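Asker: Structure below; questions to follow.
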Amino acid sequence: ENLEAVFHAFADWCDRTVRCELHGSDVRRIFAGLSTKAEGGALRYKNGKRVTPEDLARIVFGSSYSPSQWFELANYLKSLAHGKHAEQPDSMEPTEAFISAIVCLDWSLPLADMAELRDLRTELARRAPYTRWSPDAWEYIARCSDWPVSAAYPQHVAAAPAGLPPILVTNSRY
């Protein structure tokens, strides 16, 4: 849901930012159209590789770290929308295997079977109709579902030892 919120923040930013390449356009409609084309195999990178809906979500995810990257995201989406073959972004390169080991040992991401995976994907698409899912989260759910060992440091509620003073923990919206 956070990725979907970032996408909407980007679309709203384009609505009010004259320098956005998609200013004056319906960014949500454009992105939905690109997703439909990607599902049908109609979008390609310059290298001939097919652009998938997951690739589109990953592009949004990659720009979520800094709104300063939204200019590049707008240019990228505009190019695709105008039928231009885009370069495959560096952020789309295959993830190194060591990252999987770190994530799979730190997070318990159990799945009972493929039906549960399919149901999860359907629910994620319902909650986030534009971006559909977080590419990294989806990738790790898939990679870690058949990991040969249990998570060594799974997520859990932290319990501070008695007697510690209060602490303020903060996080950004995205």
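Asker: For residues that are under 14 Å from Pro110 (Cβ atoms) and of a type in the set (S, T, N, Q), tally how many sit in segment 142-171.
Answerer: 3
Asker: Moving on to the next point. Considering only residues that are surrounded by fewer than 13 Cβ atoms within 10 Å (Cβ to Cβ) and not small (Gly, Ala, Ser), which ones fall in segment 1-34?
Answerer: Listed by number, the residues that qualify are Glu1, Asp12, Arg16, Val18, Arg19, Arg29.
Asker: What about Lys37, is it at pLDDT 80 or above, more than 29 Å from Tyr153 (Cβ to Cβ), surrounded by 13 or more Cβ atoms within 10 Å (Cβ to Cβ) and charged (D, E, K, R)? Working first, answer last.
Answerer: On the way: at pLDDT 80 or above: yes; more than 29 Å from Tyr153 (Cβ to Cβ): yes; surrounded by 13 or more Cβ atoms within 10 Å (Cβ to Cβ): yes; charged (D, E, K, R): yes.
For Lys37, the condition - at pLDDT 80 or above, more than 29 Å from Tyr153 (Cβ to Cβ), surrounded by 13 or more Cβ atoms within 10 Å (Cβ to Cβ) and charged (D, E, K, R) - is met.
Asker: Still on this structure: Of the residues Ala162, Ala125, Ala151, which is over 14 Å from Ser100 (Cα atoms) and not in a helix (DSSP H, G or I)?
Answerer: When all the criteria are applied, what remains is Ala162.
Asker: List the pairs whose first member sits in segment 31-47 and is free of Cβ contacts under 8 Å to residues at least 40 places away in the same chain and in a helix (DSSP H, G or I), whose second member is surrounded by 12 or more Cβ atoms within 10 Å (Cβ to Cβ) and of a type in the set (Asp, Glu), and whose Cβ atoms are under 6 Å apart, counting only residues at least 6 apart or on separate chains?
Answerer: Here the result reads none, with nothing in segment 31-47 linked to a residue that is surrounded by 12 or more Cβ atoms within 10 Å (Cβ to Cβ) and of a type in the set (Asp, Glu).
Asker: So for segment 125-134 (the condition being touching a Ser or Thr at 6+ places or on another chain (Cβ under 9 Å), on the phi > 0 side of the Ramachandran plot and surrounded by 10 or more Cβ atoms within 10 Å (Cβ to Cβ)), does at least one residue qualify?
Answerer: yes
Asker: Any residue in segment 145-174 that is open to solvent by 90 Å² or more (accessible area, probe 1.4 Å) sitting within a Cβ distance under 6 Å of a residue that is not in a loop (DSSP other than H, G, I, E, B)? List the pairs, counting only those 6 or more apart or interchain.
Answerer: Hits for this filter: Tyr153/Asp106; Tyr174/Asn2; Tyr174/Val6.
Asker: Write out, first by first residue and then by second, each pair whose Cβ atoms fall under 6 Å of each other, whose residues are 6+ apart or on separate chains, and whose first residue, in segment 1-25, is under 13 Å from Gln69 (Cα atoms) while the second is in a loop (DSSP other than H, G, I, E, B) and not polar (S, T, N, Q).
Answerer: Matching pairs, first to second residue: Val6/Tyr174; Phe7/Tyr130; Cys14/Cys20; Cys14/Leu22; Cys14/His23.
Asker: Can you name the condition, by its number, that Arg121 falls short on among (1) touching a helix residue (DSSP H, G or I) at 6+ places or on another chain (Cβ under 9 Å); (2) free of Cβ contacts under 8 Å to residues at least 12 places away in the same chain?
Answerer: Failing condition for Arg121: (2).
Asker: Give the number of residues within segment 40-53 that are open to solvent by 50 Å² or more (accessible area, probe 1.4 Å) and either more than 14 Å from Tyr76 (Cα to Cα) or at pLDDT 95 or above (or both). Lay out the reasoning, then the answer.
Answerer: Going residue by residue through segment 40-53, those that are open to solvent by 50 Å² or more (accessible area, probe 1.4 Å) are 40, 42, 44, 46-47, 49-50.
With the extra rule that they be either more than 14 Å from Tyr76 (Cα to Cα) or at pLDDT 95 or above (or both), the set shrinks to 40, 42, 47, 49-50.
Within segment 40-53, residues that are open to solvent by 50 Å² or more (accessible area, probe 1.4 Å) and either more than 14 Å from Tyr76 (Cα to Cα) or at pLDDT 95 or above (or both) number 5.
Asker: Which condition number does Gly83 fail, the rest of (1) modelled with pLDDT of 75 or more; (2) open to solvent by 40 Å² or more (accessible area, probe 1.4 Å); (3) assigned to a loop (DSSP other than H, G, I, E, B); (4) touching a helix residue (DSSP H, G or I) at 6+ places or on another chain (Cβ under 8 Å) being met?
Answerer: (4)
Asker: Which one is modelled with the lowest pLDDT among residues in segment 54-68 that are surrounded by fewer than 14 Cβ atoms within 10 Å (Cβ to Cβ) and within 17 Å of the chain's Cα centre (by Cα)? First the steps, then the outcome.
Answerer: Taking segment 54-68 and keeping what is surrounded by fewer than 14 Cβ atoms within 10 Å (Cβ to Cβ), we get 65-66, 68.
Right, trim to within 17 Å of the chain's Cα centre (by Cα) and you get 65-66.
Values: Tyr65: 74, Ser66: 77.
Ranking the candidates gives Tyr65 first.
The values are calculated or read from the model by the stated rules, or taken from the named source; none is laboratory data. Since the model is a prediction, treat every value here as computed from it, not as a measurement. Cβ: placed from backbone, ideal geometry, glycine included. Neighbour counts: every protein chain shown. These area figures cover heavy atoms from the full protein model, side chains too; ligands, DNA and RNA do not enter into them. Shrake-Rupley method; radii C 1.70, N 1.55, O 1.52, S 1.80 Å.
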